[in-house]
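To start, the structure itself, in structure tokens.
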Amino acid sequence: MGAVAANGDSPDLLAPAAYPEVGVELTRQAVARAAARCSAGIRCTEPSCLTYGAVKVTLSGAWLCVGCIPVVNAHLAARGFGPCTIQPLPDDARYRVRLFNATGRGASTVTCDTPQRAQFIAETERPFNNTGYEIWVSRPRR
């Protein structure tokens, strides 16, 4: 039988390596959940939709899932506007994520190669309190 500490606990159970720091473990779990969500791509920008894998549409700043495109087009038609359509993206597209402080000044931009990475950055990077984000597409410099 192994040694026993003065309080009756086994020293192996008291070793720091036996228990990861709570903050580190929670961060690891949050990153793993974000990676799983973001594997499908960019999140739909419709406030009531939680779908990932949205496509860029001609409506300014919008990324919509296939289920939301007809709904948004119905709202646009009711207001007398034409429909939004899927915007084809170039093969060499770069995804830029603008993280901003929703309550004040400050912003930073991160450039990514894939929509999955862009959404992951948008959901995990928090350089400001109460951060919001926008994702847009650009072509790389030639």
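If you count only protein heavy atoms and use a 1.4 Å probe, how large is the accessible surface of Glu123, to the nearest 10 Å²?
Accessible area, nearest 10 Å²: 40 Å².
Students sometimes get this wrong: rank Ile69, Ile86, Ile42 by accessible area, probe 1.4 Å, all chains present, largest first.
Ile86, Ile69, Ile42
Roughly how many Å² is the accessible area per residue of region 19-87, as a whole number, for a 1.4 Å probe?
63
In whole percent, and with a 1.4 Å probe on the protein chains, what portion of the accessible area of region 76-118 is carbon and sulfur?
Using a 1.4 Å probe with all protein chains present, region 76-118 comes out at 50 percent carbon and sulfur.
If ligands, DNA and RNA are left out, what is the accessible area of Ser108 with a 1.4 Å probe, given in Å² to the nearest 10?
40
Could you pull the accessible area for Arg43 with a 1.4 Å probe, rounded to 10 Å²?
In the full protein context, Arg43 sits at about 70 Å².
The values are calculated or read from the model by the stated rules, or taken from the named source; none is laboratory data. Keep in mind that what you see is a predicted model, and the values were worked out from it rather than measured. Side chains are part of the model used for accessible areas, which takes the heavy atoms of the whole protein and leaves out ligands, DNA and RNA. Shrake-Rupley method; radii C 1.70, N 1.55, O 1.52, S 1.80 Å.
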